[in-house]
Amino acid sequence: MSPLTLWPATASEQAARIDMLFTGLLVISGAILLLVAGLLLVLCARYRRGSAAPRGDLPDFIRRDVEIGWTAATLFLALFLFWWAGATQLRASDPPAGALEVHVVAKQWMWKTRYPNGAREINALHAPRGEAMRLMMTSQDVIHSFFVPAFRLKQDVLPGRFTEMWFRATKPGEYRLFCAEFCGTDHARMGGTVTVMEPEDFARWVAAQPQEEDLPGEGAALFTALGCSGCHAAASAVHAPVLAGVYGRMVHLADGRTVRADEAYLRDSILQPKRDVVVGYEPIMPSFDGLVDEADLQRLVAYLQSLRGEAAR
Ligand code: HEC
Ligand SMILES: [Cu+2]
């Protein structure tokens, strides 16, 4: 993208929708501007000092109907714009089922990405054209923001929490990735490249990456190493919930709330176990805040998510 490009590349479905919204708003506000400025000029000329134009009261029906008419018209126009923008935004926050999931960890000053098969990259993201990709993002230090102008997507990335974002790329090519939240000295250099490839090329590329053990596998090892299994194993003498199938299920909490065990819940359960205590259990689980870093947390959560299948049996 040269510095003089007025319109950045349009490389995702969301980008096309945002552009349409942007163009729509521009055309509508342009039309209103012309109408108002035009009327202003016409009326200035018509009612200039000394002109013979009639200056008496307007007939009642004009006063009433015009008032009702323009009030209703602008109300409906505003509601329509609200719906249009809202629907566009909602679509961006609702990933389709089966989207390819990539983990993103931000830190001062780089982006680390990790694919389901364990392949990792730094300051780079590869994505297949036409397939939905979902980014589960978190930060190791301060707030960053994942920004890909060609996708018209920007999402803050927070420490201690997952935020997510999804896209479906439409055009193969290389696009810039920025950090859009000032995050320290080298903020301006915190960026990278998003490479959109044809699905076959992408499959070949992922397979060719050096692979480590997969996330859930590493999580399983940590689950034992950190002593989680001492309490949570089915055969344990400690009264603790069995975690097979925990991901996605509705959990009743001791304070009467019912929450869905999503990623954020699993993560909170590990860092702040006292916050969401499962009904029927003592709050004896120790906090692992400070004992596990972001990467370990992701492994543990990935392991807990992978236990989903076993419960279904
Ligand atoms: C000292 C025993 C003990 C240890 C060690 C322990 N837990 Fe727990 N855990 C519990 C108990 C008891 C509960 C239920 C009460 C609560 O929610 O705090 C629980 C709750 C949970 C929940 C929520 C379960 C649900 O059904 O909603 C998760 C997830 C969890 N633990 C994960 C872990 C992980 C991961 C580790 C290791 C990093 C770990 N636990 C270590 C005792 C333990
Ligand atoms: Cu940053």
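Annotations for the structure displayed:
- Projecting the Cα atoms of Val27, Trp70, Phe182 onto the dipole axis of the chain, where Lys and Arg carry +1 and Asp and Glu carry -1 at the beta carbon, places Trp70 farthest toward the positive end.
- Trypsin sites (Lys or Arg not before Pro) restricted to the stretch 120-215 and DSSP loop, no more than 16 other C-beta within 10 Å: Arg161
- When Rg and Dmax are taken over the Cα atoms of the stretch 148-265, they come to 20.3, 56 Å.
- Reported to the nearest whole Å, the Cα centre-to-centre distance from the stretch 169-222 to the stretch 98-115 is 6.
- Inter-centroid distance (Cα atoms) of the stretch 6-39 relative to the stretch 223-267, Å: 49 Å
- In order through the stretch 109-125: 3J(HN,Hα) via Karplus (6.51 cos²θ - 1.76 cosθ + 1.60), integer Hz, x for Gly, Pro: 9, 7, 10, 10, 10, 8, 8, x, 8, x, 5, 10, 9, 10, 6, 8, 9
- Each Lys and Arg contributes +1 and each Asp and Glu -1, all at the Cβ; summed about the Cα centre of the stretch 217-307, the dipole is approximately 300 debye.
- By the Stokes-Einstein formula, at 0.692 mPa s and 37 °C, the stretch 215-312 with its Kirkwood radius over alpha-carbon pairs has D equal to 243 µm²/s.
- Taking only the C-alpha atoms of the chain, the Rg (one decimal) and the largest Cα-Cα distance, Dmax (whole number), read 27.4, 99 Å.
- Neighbour cut-off at most 16 other Cβ (10 Å), DSSP loop, GluC sites (Glu not before Pro), the stretch 179-243: Glu212, Glu213
- Spatially proximal lysines relative to Lys274 (Cα-Cα < 18 Å; intrachain offsets below 8 disregarded): none
- Extending 7 Å from the Cα toward the beta-carbon at both Val42 and Val27 defines two label points whose distance is 2.2 nm.
- If only the Cβ of Lys and Arg carry +1 and only the Cβ of Asp and Glu carry -1, the dipole of the stretch 1-99 around its Cα centre is close to 500 debye.
- Share of carbon and sulfur in the accessible heavy-atom surface of the stretch 215-312 [1.4 Å probe, %]: 59 percent
- Solvent-accessible area of the stretch 35-84 (1.4 angstrom probe, protein heavy atoms only): carbon and sulfur portion equals 74 percent.
- For the chain, the longest principal axis of the C-alpha atoms and the axis of helix 13-46 are separated by about 20°.
- Accessible surface for the chain, divided over its residues, is 58 Å² per residue with a 1.4 Å probe.
The values are calculated or read from the model by the stated rules, or taken from the named source; none is laboratory data. These numbers come from a predicted model, not from an experiment. Using ideal geometry, Cβ is built from the backbone for each residue, glycine included, and neighbour counts are taken over all protein chains shown. Side chains included, ligands, DNA and RNA excluded: accessible areas come from the protein's heavy atoms. Shrake-Rupley method; radii C 1.70, N 1.55, O 1.52, S 1.80 Å.
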